[in-house]
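Novice: One structure, as structure tokens, below. Some questions next.
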Amino acid sequence: MQPFSFTNNQLKKNTVMKRQKFLVVMFLLLTTTLLTSCIDAYGDDPYMVKKFDASSVSSLDVNTSGGSITAIGESGRNEIVVEMYVNSWKTKDKGKIQEELEKFDIKITKEGNQIIASAKSKSTFGNNQISISFKVYVPTSISADLNTSGGSITMTGLSGNQKLNTSGGSITMKNLNGDIVATTSGGSIHINDVRGELKGTTSGGSINAGKLNGTFNLSTSGGSIKLEDIRGEVNAHTSGGGIRANVLELTGDITLKTSGGSIHATLPANTGMDVYFSGNSVNTTLSNFSGKSEDDKVNGTINGGGSKVTLVTSGGSVNVNYQ
């Protein structure tokens, strides 16, 4: 009777886990539907536009509780432009939207060497029928702090210290140079052409990155990781998907770990490295190798050793090629 009882317990646990996953998926689908069904109350035109002289500005602070944020850096720009957009969940009636706007504290101003754009709900219950988004055009040498609790964040063309945080959307970064911290609790992270040091974290999406040069710490609890054209040092971890990485040049250690999928990595040939590969199986061809090689583990040096390359999965295979 004991084995039968154990099997029933396992079936109950599996059923509960499946229900939990289903509820999470339905929540994400509902959130996406609500966001995409939002009505642009003013068409393609911003509700408000403010312009500032850029000569003494070094930082940007944008905060909204319900919309998206876009920051665009342009070389040679001597004027900063802040555009505010209003989206409604239910109506295009300007009068009703104006009533909803009265429920927000809105601030677009210059204070010292900083531009501030903020739209905060006066209500603590979050039952507003509109969302407010910002699009900001700035010189390239601006450091920005962008925060939203209900939308996506896009940043392009900036150099400096950048912080991006959203609780309900994706983050897109392109053509950036500097120290960057990007965090989302409910979306994916897209990275392209970034130089410097970047820390990217998501609890509910995948990470896709290309043309990275520098030091990168990337982690997700709910998706896959794909890295292309990597030059530098990478530490990438996921608990819910596979990892694919194409490393062109090793200038530091590479660590790829997952507990929910396989790892497919392409490493630079004729390069010295200390390697540790571990998974259900390890599939690779070893040349000029010194160490211990088993079906599920490889530990040693290639071409005399060098940067540490650690590829570990507890939920799939490790597959390594060289180019």
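The values are calculated or read from the model by the stated rules, or taken from the named source; none is laboratory data. What you see is a predicted model, and the numbers here were worked out from it, not measured in a lab. Cβ atoms come from the backbone with ideal geometry, glycine included; neighbour counts cover every protein chain shown.
Novice: Where residues in the range 161-176 are small (G, A, S) and free of Cβ contacts under 8 Å to residues at least 60 places away in the same chain, which of them is surrounded by the fewest Cβ atoms within 10 Å (Cβ to Cβ)?
Specialist: Residues of the range 161-176 small (G, A, S): 167-170.
Cutting the leftovers down to free of Cβ contacts under 8 Å to residues at least 60 places away in the same chain gives us 167, 170.
Values: S167: 16, S170: 20.
Filtering first and then ranking leaves S167.
Novice: Still on this structure, please answer the following. Condition check: within 30 Å of the chain's Cα centre (by Cα) and touching a residue at least 24 places away in the same chain (Cβ under 8 Å). Does E111 satisfy that? It would help to see each step written out before you state the result.
Specialist: Working: within 30 Å of the chain's Cα centre (by Cα): yes; touching a residue at least 24 places away in the same chain (Cβ under 8 Å): no.
When the stated conditions are applied, E111 does not pass them.
Novice: Next up: What number of residues within the range 114-143 are under 12 Å from G66 (Cβ atoms) and free of Cβ contacts under 8 Å to residues at least 12 places away in the same chain?
Specialist: Of the residues in the range 114-143, 1 are under 12 Å from G66 (Cβ atoms) and free of Cβ contacts under 8 Å to residues at least 12 places away in the same chain.
Novice: In addition: Could you check how many residues of the range 32-82 are modelled with pLDDT under 80 and either within 13 Å of A144 (Cβ to Cβ) or charged (D, E, K, R) (or both)? Walk me through how you get there before you give the answer.
Specialist: Residues of the range 32-82 that are modelled with pLDDT under 80, as a first pass: 32-44, 66.
The next check asks that each one be either within 13 Å of A144 (Cβ to Cβ) or charged (D, E, K, R) (or both); those that pass are 40, 44.
The qualifying residues number 2.
Novice: Report those strands (runs of 3 or more DSSP E) wholly inside the range 134-197 carrying at least 1 residues which are under 22 Å from R231 (Cβ atoms) and touching a strand residue (DSSP E or B) at 6+ places or on another chain (Cβ under 7 Å). Walk me through how you get there before you give the answer.
Specialist: On the way: elements: 143-148, 153-156, 162-166, 171-184.
In the range 134-197, 153-156, 162-166, 171-184 are the strands (runs of 3 or more DSSP E) which contain 1 or more residues that are under 22 Å from R231 (Cβ atoms) and touching a strand residue (DSSP E or B) at 6+ places or on another chain (Cβ under 7 Å).
Novice: Specify the residue that is farthest from S58 (Cα to Cα); the eligible residues are those in the range 149-159 that are crowded, with 19+ Cβ neighbours inside 10 Å and modelled with pLDDT of 95 or more.
Specialist: Going through the qualifying residues, I end up with S152.
Novice: For the range 108-130, which positions are within 30 Å of E79 (Cα to Cα) and either surrounded by 13 or more Cβ atoms within 10 Å (Cβ to Cβ) or among the hydroxyl-bearing types (S, T, Y) (or both)? Reasoning before the result, please.
Specialist: Step one: list which residues in the range 108-130 are within 30 Å of E79 (Cα to Cα), which gives 108-121, 130.
Correct list: I108, T109, K110, Q114, I115, I116, A117, S118, A119, K120, S121, I130.
Novice: Another question about this same structure. Would you call S224 out of contact with any helix residue (DSSP H, G or I) (no Cβ under 8 Å at 6 or more places or on another chain), surrounded by fewer than 23 Cβ atoms within 10 Å (Cβ to Cβ) and over 24 Å from G67 (Cβ atoms)?
Specialist: Working: out of contact with any helix residue (DSSP H, G or I) (no Cβ under 8 Å at 6 or more places or on another chain): yes; surrounded by fewer than 23 Cβ atoms within 10 Å (Cβ to Cβ): yes; over 24 Å from G67 (Cβ atoms): yes.
Judged against the criteria, S224 is a match.
Novice: Can you confirm whether D253 is over 13 Å from the mean Cα position of the chain (by Cα), surrounded by fewer than 24 Cβ atoms within 10 Å (Cβ to Cβ) and at positive phi?
Specialist: Numbers: over 13 Å from the mean Cα position of the chain (by Cα): yes; surrounded by fewer than 24 Cβ atoms within 10 Å (Cβ to Cβ): yes; at positive phi: no.
Taking the combined requirement at face value, the residue does not satisfy it.
Novice: Of (1) surrounded by 19 or more Cβ atoms within 10 Å (Cβ to Cβ); (2) modelled with pLDDT of 95 or more, V86 satisfies all except one. Which?
Specialist: V86 satisfies all of (1) surrounded by 19 or more Cβ atoms within 10 Å (Cβ to Cβ); (2) modelled with pLDDT of 95 or more except (2).
Novice: Here's something else I'd like to know. Here is a check on your reading of the model: is S133 out of contact with any Phe, Trp or Tyr (no Cβ under 7 Å at 6 or more places or on another chain) and more than 21 Å from G76 (Cα to Cα)?
Specialist: Values: out of contact with any Phe, Trp or Tyr (no Cβ under 7 Å at 6 or more places or on another chain): no; more than 21 Å from G76 (Cα to Cα): yes.
For S133, the condition - out of contact with any Phe, Trp or Tyr (no Cβ under 7 Å at 6 or more places or on another chain) and more than 21 Å from G76 (Cα to Cα) - is not met.
Novice: Restricting attention to the range 256-274, and to residues there that are of a type in the set (V, I, T) and in a strand (DSSP E or B), which single residue is surrounded by the fewest Cβ atoms within 10 Å (Cβ to Cβ)? Spell out how you get there, then give the answer.
Specialist: Pass one, the range 256-274, residues of a type in the set (V, I, T): 258, 263, 266, 271.
Pick out the ones that are also in a strand (DSSP E or B) and you get 258, 263, 266.
Working: T258: 26, I263: 27, T266: 17.
So, considering only residues that are of a type in the set (V, I, T) and in a strand (DSSP E or B), the one surrounded by the fewest Cβ atoms within 10 Å (Cβ to Cβ) is T266.
Novice: Among the residues of the range 281-291, is there at least one that is under 21 Å from L176 (Cα atoms) and of a type outside the set (A, V, I, L, M, F, W, C)? So that I can check it myself, show each step before the final result.
Specialist: So in the range 281-291, the residues under 21 Å from L176 (Cα atoms) come out as none.
Within the range 281-291, none of the residues are under 21 Å from L176 (Cα atoms) and of a type outside the set (A, V, I, L, M, F, W, C).
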